[in-house]
Amino acid sequence: MSKKVIIGNWKMNPFTSKEAEKLFSGVAENISDIKKTEVVICPPFIYLEKLKKLSKKIILGAQDAFSGDVGAFTGEVSAGMLYSVGARYVILGHSERRALGENNSDINKKIKSALDAGLRPILCVGESVRDENHGYFNLVKAQLEECLAGVSKTIISKVIIAYEPVWAISTTPDRKDATSDDCREMAIFIKKILSDKFSAEAGKIRIIYGGSVNEKDAGDFLKNGGVDGLLPGRASLDAKKFTEIVKICEALEK
Ligand code: PEP
């Protein structure tokens, strides 16, 4: 089985390149003894090349990638371009991008082109609300099936599924805390959908949790949430908190 993974999503932060270097170095300095945990940081595109030079240990990821290679796509950045400046992962289908109009079919194209370019997609799925009739299970099922349509069994182990209930994300107004029980129930459901679609290969797909996870509840989600890692947003903007989450993961019995 692959290592557990802690992925920091910096979103559109920090404001300057100097601050980005300071934050990144603050993490790099404190994780030199980490062996069992993969540490990934996803900064804004423009910081990737510079940060790549600061650590061999931290793996870089991007926060989106366009589905084309090169061409007349004003404002877009392709997966191949991101690979060439050092990214090895890419977050796709984040709820903040879905809110800007991205749909499952767009995300499916992006996943395929990311895989072609050698990037490992981190596919975000998750419901905005939990309705009493449990319709949110169908929504997550549709996200998985439509976003992963046509992805071959031979390469599916490169994909990470991030379960991010939108109602638990730190920037959602009136957000609520998700529990490790909520997470475990959905992780089991996701595993079943993946196993129906990809048979034995599904066992190699890592499922992680994101939604206001921090240094206080990381251990609970990792021990009781049925997941192989975490995707902190806000907590990844604090080198001390992020490093603490990495160390909590590292200290787990494997
Ligand atoms: C996210 O939006 O990917 C996320 C998990 O953010 P936060 O941890 O700030 O809720």
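Quick look at the numbers
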quantity: Protein-only accessible surface order, largest first, of Ser105, Ser17, Ser113 at 1.4 Å; calculated: Ser105, Ser17, Ser113
quantity: Residue among Ile91, Ile59, Ile208 with the largest mean-square fluctuation in a Gaussian network model of the chain, springs linking Cα atoms under 10 Å; calculated: Ile59
quantity: Of the chymotrypsin sites (Phe, Trp or Tyr not before Pro) in segment 66-133, those whose Cβ has at most 12 other Cβ within 10 Å and which sit in DSSP loop; calculated: Phe73
quantity: Prolate/oblate/rounded call for the chain, Cα gyration tensor, a/c under 1.5 rounded; calculated: rounded
quantity: Centre separation in Å (Cα based) which lies between segment 91-114 and segment 7-77; calculated: 19
quantity: Residues whose placed amide H lies under 5 Å from that of Thr37, excluding near-sequence neighbours; calculated: none
quantity: In nm, spacing of pseudo-spin labels at Lys57 and Ser128 (7 Å Cα→C-beta vector); calculated: 4.1
quantity: Integer Hz, Karplus 6.51/-1.76/1.60 couplings in order for segment 85-97, x for Gly and Pro; calculated: 9, x, 6, 10, 10, 8, 6, 10, x, 4, 4, 6, 7
quantity: Förster radius 41 Å - calculated FRET efficiency between Lys197 and Thr172 (Cβ-Cβ, nearest 0.05); calculated: 0.90
quantity: Relative contact order (percent, whole number), the chain, Cα cutoff 8 Å, 6+ residue spacing; calculated: 22
quantity: Within the chain, helix-based [θ] at 222 nm, where runs of 4 or more DSSP H residues each add -39,500 (n - 2.57), nearest 500; calculated: -10500 deg cm²/dmol
quantity: C-alpha center-to-center spacing [segment 175-254, segment 128-160] in angstrom; calculated: 16
quantity: For segment 204-215, 3J(HN,Hα) per residue [Karplus equation, 6.51 cos²θ - 1.76 cosθ + 1.60, θ = phi - 60°, Hz, x = Gly/Pro]; calculated: 8, 8, 7, 10, 10, 10, x, x, 6, 6, 9, 5
quantity: Distance in nm between pseudo-label sites at Ser105 and Lys223 (7 Å out along the Cβ direction from Cα); calculated: 4.7
quantity: Two-site label geometry, Asn13 and Ile155: point separation in nm, points 7 Å out along Cα→Cβ; calculated: 3.3
quantity: Low-density loop cleavage sites - GluC sites (Glu not before Pro) in segment 28-71, where at most 12 other Cβ are within 10 Å (DSSP); calculated: Glu29
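The values are calculated or read from the model by the stated rules, or taken from the named source; none is laboratory data. In this text, all values refer to a predicted model and were calculated from it rather than measured experimentally. FYI the Cβ positions are ideal-geometry reconstructions off the backbone, even for glycines, and counts take in every protein chain you see. Calculation scope for accessible area: heavy atoms of the full protein, side chains included, ligands and nucleic acids excluded. Shrake-Rupley method; radii C 1.70, N 1.55, O 1.52, S 1.80 Å.
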